[in-house]
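Colleague: Pasting in a structure now, in structure tokens, and then I'll have a few things to ask.
Computed from the coordinates by the stated procedures, all read-outs in this text should not be read as laboratory data. Because the structure is predicted, anything quoted here is derived from the model rather than measured. Every residue, glycine as well, gets a Cβ built from its backbone with ideal geometry; the counts of neighbours run over all protein chains shown.
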């Protein structure tokens, strides 16, 4: 095994080629699979064996085709999905694939599609993430193999998964089916999908019931405990930390009526003093809350008042804004 960049968090891996007949997957002979770069070093993602979310996810994977981590921004969804995959794959980078969905993502990006043939001209049919990782799973039958999908709700999953949508169901693993090109394949039982989803994304409505019933869900909420840990690790004084925690609980308590106003604990990671708190408000939180309360100016005013209990008289006054732009601008 060779790596392109030794310092890469998740090294790109060249693997041994097997024939389509060997793998029971009729894909081009020259296809290889490459593990995408993770956002952190693999050793930083390994969880303790007694981690509650790890244990819950592992149990759910025995009954479902995958698990979706659902929650507002900043609640460790992506980190946990990645960490659980790396932990259960025993840190083997070739067994984990990281993918981020976006509005222009298509079936041709995820299952199979034609790409330019630079040597011979024209186009060649090429297996993409799903078929590549099916191949990895066949090659490693005794290992847990993962596709980690960030921002699931940014696409219509039924369109992106295509025919494979039916066969990611646990009871249909191993059954042969044909994808759009006529390629015959199957989804191995040891291939698992972990995904993240913000319930406030517009695309959530596109995640149809047929897809959702094949996945379990784990709710990821803002955590006061994790917030306190982050603030303590950053060296924030106890009195200031208590004021931040009061604001955090107040805002997230109101989010029961305005879900888009929820603020996750990871926003406060690395925040240790009034200056960094003020920068967080000036450049992130106030914009998030203004958007959440776009039709409720009193709600935003209350949120700003709560913030001013942390760092009095330092927050920019939104009442001084003179813009007349519409909320969509």
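Colleague: Sort 173, 241 so that the residue with the fewest other Cβ atoms within 10 Å of its own Cβ comes first and the one with the most comes last.
Modeller: 173, 241
Colleague: Taking 0.36 nm per intervening residue step and subtracting the Cα-Cα distance, what contour gain separates residue 118 from residue 250 on full extension?
Modeller: In short, 41.8 nm is gained.
Colleague: What is the distance, in nm, between label points placed 7 Å from the Cα along the Cα-to-Cβ direction at residue 294 and at residue 143?
Modeller: Calculated label separation equals 4.5 nm.
Colleague: Report the gain in length on full extension from residue 275 to residue 60: 0.36 nm times residue separation, minus Cα-Cα distance, nm rounded to one decimal.
Modeller: Length gained between residue 275 and residue 60: 73.1 nm.
Colleague: Starting with the fewest neighbours, write out 307, 281 ranked by other beta-carbon atoms found within 10 Å of each beta-carbon.
Modeller: With the sparsest Cβ surroundings first, the list reads 281, 307.
Colleague: Within the stretch 110-141, name every residue whose backbone N is under 18 Å away from a label modeled 7 Å from Cα of residue 104 along the Cβ vector.
Modeller: 110-111, 113-116
Colleague: Moving on. How high is the FRET efficiency between residue 177 and residue 260 when r is their beta carbon distance and R₀ equals 41 Å, given to the nearest 0.05?
Modeller: The formula returns an efficiency of 0.55 here.
Colleague: Under a plain spin-label model, where a point goes 7 Å from the Cα along Cα-to-Cβ, how far apart in nm are residue 308 and residue 210?
Modeller: According to this spin-label approximation, the distance is 5.4 nm.
Colleague: Take 258, 87 and order them by how many other Cβ atoms sit within 10 Å, fewest up front. Kindly include the intermediate steps, with their values, before the conclusion.
Modeller: Details: 258 17, 87 20.
Fewest to most other Cβ atoms nearby, the residues stand as 258, 87.
Colleague: Over what distance in Å are the Cα centres of the stretch 128-146 and the stretch 266-288 separated?
Modeller: Taking the Cα centre of each part, the stretch 128-146 and the stretch 266-288 sit 41 Å apart.
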